[in-house]
Structures are given as structure tokens and as C-alpha cells.
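Bear in mind that the values in this text are calculations on the coordinates, not laboratory data. Here the structure is a predicted model, which is why all the values come from computation and not from measurement. A quick note on method: Cβ atoms are made from the backbone with ideal geometry, for glycine too, and the neighbour counts reach across all protein chains shown.
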Amino acid sequence: MQIKIGKDMRTGEAVVVDTLNVINPHLQVTGVSGMGKTYTLQELVTSFVESAADLGRPVRVHVFDPHGDIELPYASVVKFSEATGYGYNPLEINPDPDYGGVRRAIQKFIAAIKKQKSLGTKQEAVMRYLLEDLYAAHGFKADDPGTWWPDDPRMIREVMKGREHRVYLDVAYEHRDRFKSLLRDPASGRYRGGFDDFDNDPALRSKKCWWVEHDHYEGDFLMWEPRNLFKVAPTMDDVVRFTERKLKAHYCGTNSAAMALLKDVNQAARAYHRKVTEMSKRDAALDDGERAELTKALDKAKEKASDAYGSYLDAIVSGRELDDMIRYNSTDVLTSVYERFQNLRAIGIYNPVAPPFDVQKPIWQYQIKPLEIPVQAMFVDMVSARIFERAMHRGVQNDVVELLVLDEGKRFLGESSDDVLIKIANEARKFGLGLWIMSQTPEHFPDDFVKATGTILVLGLAKADTNLAARKLGVDEALLSSLVPQKTALVQIKRKGTLSSSFQLISVNA
């Protein structure tokens, strides 16, 4: 593709970036406010898309718009905020045995979280343990690539047709009577759930289980975890519920059966003391019959809970209780991770409902202005990592087929070699993925990114930045100082077959 940059001030010839002739398709644009970075971004992206269209090549350009001021033709624009109701599931697994898997998904998720706020060593370890256990509970085993493929969504939709209002629960056999007793609504007498045998379909025999209507999955029904009938990637809701269960079990030191009975004890005790308080206000006392009845109910509940706790060692459910005790040995750390997961869910960008981009448009514009800056960084990290994984899975390409374009690069670029954007700069070229980043000064770009960039465009810098920029970019300081805002610029295009490329002065029409 041919990307128009400007005209050479010396010869008057057009200066064009040919994506087949440059060492890589990455682009760095620097310029202080008012130098025309946004206009330049719009012109460069438009030129790339139109060149691809002329050649009949399908491309996809992902433009992250942190200010909401980018205007592009051929674009499908989607705004992201806490209220939009769609986003991306950060826990989706790439099933590719070479580029995907459980551990990679976990690492990618934790790296995005750390972009918002750092994690302590113990917090990160507990978070990793929780996610490993959660994936295993959903059928994805870290050491078995054969388990990384989710069930076919079409099959799931067919089976669940007419069952969308149900929450299927993991009710142990010994809990069956208790669950059935809760199904009948005491007010209306209507049953709020039941047992689903899936029409006795032999292929679904293992999925038979109890369910409750979605609107009634509250109160006592929360004693039972939702059952994963199908193998699908967990969501942030799953993470929060799973962590909450671990935290409650850690507090009580027992399983859900004993926890349920402990709740009965609390309810009986509250009933007893409520009655005593009520009689006290009337300057009366419980008669012997009432006292005996309330005391009997409380003692019975205590006895059941005591039996449940006493039989805990004989009723290990998962065989992992001791492992959990070792992994999650700090209530404070587990609580802090739980709160972190709750806050992440509340952000709104980790919604499993996909954003409504128009697949027919070559440009997808992510308007992220409503998000706080740390959340913007998390979002860009997450989406960029997904795109990079997909590019690697796509394989080696002869030319650019996909671009990531970021304004305000300082917000998103990290210094670590593990930073996803640095990885893309160093590794994505062969997979047809390019990275274009705009920022105010070369100081905002890590050295690794500057070295890995095929084209550098300087629109104009603050006087205080020219000395540093000259040293970092290897350009004459006087040449930088001579730039005229929105009229001239400097460009360096590193072409294949050359060891070094000098900067040339060009005219622009910003």
C-alpha cells in the first residue's frame, strides 16, 4: 500500500511510504498540541485505506480515540463506557496450542490489570491461583491443549432454546431435599424451578440437573453454585462469584453444605432474639410454650450445623480443600483480590456482549473518552493483545492487513519488554500487523519502540524537547527547530536494504 506523507521540500517530489519497501509498517508521529497530529492521523489512515481499496485488498484498521475528536471516512464508530452494555470478555481463551492456552490468557488478563494499578506479589499469586481454578472448573485445563476448545455456540443455542430463563445449579445429592423444599414459592405456591432431564437425550445425559428461574436465583438459592453445562470461557461475573465462594469458605473453613446449615442457625437465633425483644417492648415475657418452641428450633439448627462441621473431614467434595488452604492462606489478600475483581466488573468494559462494529467498514473506531485514563490503558492493552494473538494465528503475511492506531501514546506504552505494544512493535511485522502511535514528544516512546519503528514523523516539538529529541532520534537540533507548525515536518523512512536512513524535510498540509 502507498501512504502519502507530504512533499520533499528540496525536490518537490511526493514522499510516500510503501508498505512493501519499508522494514516494517510501524509509524511514530510526534508533535506538541496544535501541530496537527489529529489531522495527520486522519489523513494517513484515510490514505492507507484508500490505497488498499484501489488494490482490492481487505484491511482492518483499529483506531483508539481517547478524546472523541477523530473524524474518519469509512469508519464504524462505537463508544465505550460503563453504561454501554458491551465490551470484551478478557478471559476468552485462544485454543491455538502454540499461541493460546490457559496460562497465556491469565497472563494477558493480569498484565492488563497491572496497567490500571500495580499488584502486590501475594495478590498476583492469589489472582493467578483463582483464575487457574476457575478455568479448571469450566473444563479448561492448563496442561491439556485438547481442552482449550469451547463448545460450539450453535449447539449451545439449540439446546438452550426455551431454557434461557433458567439458572442451572450444582446441587449435590445430599442437598436434594433441601433444594426441593425451597422451590415452592410460599406466597403463591408456584414452583420456581425444577429438574431438567433434557428430554432424556442420551447425548445430554451428563447435563441433567436442578434449576431455578433466573429472577429467583437469590437468597437461599445462592448456597449453590451455577453449574457449567457447557464448556465456555468464564466471564467477570463468574470470577466475582467464584472468588466470593472461596472467600466465604475461607472464613467458615468448610463447605457449602455446612455453610447452608450455619445460615439456618443464624436465622433461628435471630427469630429467638426478635421475639424476646418484641415481648420486652410490651413489658411481657415469653411463655414457657413459646420459649420451648424457639429454643427447640435453635438447638435443632445448631445440632445440624455441628454434625455438618463434624463430618466435614469425611465429606471432602473436591479433594482440593487442603490445596485451597495453602493457596488462599490469607483472608486479607483474598479479600483485596475479591474487591479488585468487583471493581473491574463495575468498569463495564469486561462485558461478554461484543461491540456492534460494522464488519463491512474497514475502520473500527473505539471511542474511549468516557473511560478514565487508567481504564483506557487496560482496554487498549486487552484489545491489542487479542488482535496480536489473532494475527499470530493468521500466520505470515506478505503485506499489511491490519493496523492498530493510537492517539496519546504516552497513556498506553509501557517500558517493559513484556508490554503488549512493545511486543507488537518487535514481533508483529511478519504477521501483517502494523502499529501507529501519536504522542507529544519522542520522550514518550521507549527506546525499544523507536528502534523498531519503520517510519518516524516529527511535526514540531516544544523548544525544551528539541535537544533530547535530537539525541534520541539522531537528527540535527537546528533542523528540528526550523519546523513551521502545520506547514513543514521531518520524516525518516527506513527502507529495506539500507543500513541507515536520514531525516528529510517535507511540506505538509495540516
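Figures for the structure shown
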read-out	value
Mean separation of Cα contacts under 8 Å (6+ apart) over length of the range 420-510, as relative contact order %	23 percent
³J(HN,Hα), Karplus 6.51/-1.76/1.60, whole Hz, each residue of the range 219-227, x for Gly, Pro	x, 4, 5, 5, 5, 10, 6, x, 9
Mean ellipticity per residue at 222 nm, deg cm²/dmol - from DSSP H runs of n ≥ 4 across the chain, formula -39500 (n - 2.57)	-13000 deg cm²/dmol
Loop-located GluC sites (Glu not before Pro) in the range 150-214 whose Cβ has at most 12 other Cβ within 10 Å (DSSP)	Glu164
Identified option (computed Cα extents along the principal axes in Å; candidates (i) 77, 68, 53; (ii) 107, 57, 41; (iii) 75, 59, 39)	(ii)
Separation of the Lys463 and Glu415 label points, Cα + 7 Å toward Cβ, nm	2.9 nm
Stretchable slack from Arg10 to Lys369, in nm (0.36 nm times residue separation minus alpha-carbon distance)	125.2 nm
Semi-axis lengths (Å, descending) of the ellipsoid that matches the C-alpha gyration tensor of the range 153-230	22, 14, 12
P(r) histogram, all alpha-carbon pairs of the range 434-486 included - 5 Å bins from 0, percent	4, 19, 34, 25, 14, 4, 0
Proximal aspartates and glutamates relative to Lys369, as straight alpha-carbon distance under 19 Å, when same-chain residues fewer than 8 apart are discounted	Asp65, Asp69, Glu71, Glu82, Asp381, Asp407, Glu408
Built amide H within the under 5 Å cut-off of Glu225, gap 5+	Asp170
Residues Glu477 and Arg345, FRET efficiency given R0 of 56 Å [Cβ-Cβ distance, rounded to 0.05]	0.65
Kirkwood-based Rg to Rh ratio, the range 379-418, C-alpha trace	1.00
Cut-off under 5 Å, modelled amide H: who pairs with Thr488 long-range	Val508
Hz values of 3J(HN,Hα) by residue in the range 179-188 - Karplus curve (6.51, -1.76, 1.60), Gly and Pro given as x	5, 4, 5, 8, 5, 7, 5, x, 7, 9
Cβ-derived FRET efficiency at R0 56 Å, Met155 paired with Asp447, nearest 0.05	0.65
HN-Hα J in Hz across the range 115-122 - Karplus 6.51, -1.76, 1.60, θ = phi - 60°, x for Gly and Pro	5, 7, 7, 5, 10, x, 4, 5
Tyr88, Tyr74 arranged by Cβ crowding within 10 Å, fewest neighbours leading	Tyr74, Tyr88
FRET efficiency estimate (nearest 0.05) - Cβ-Cβ, Thr335 to Val484, R0 60 angstrom	0.55
Mean Cβ neighbour count within 10 Å, used as a protection proxy, ranking 34-46, 356-368 highest first	34-46, 356-368
Residues with amide H under 5 Å from that of Lys231, placed H, sequence gap 5 or more	Asp151
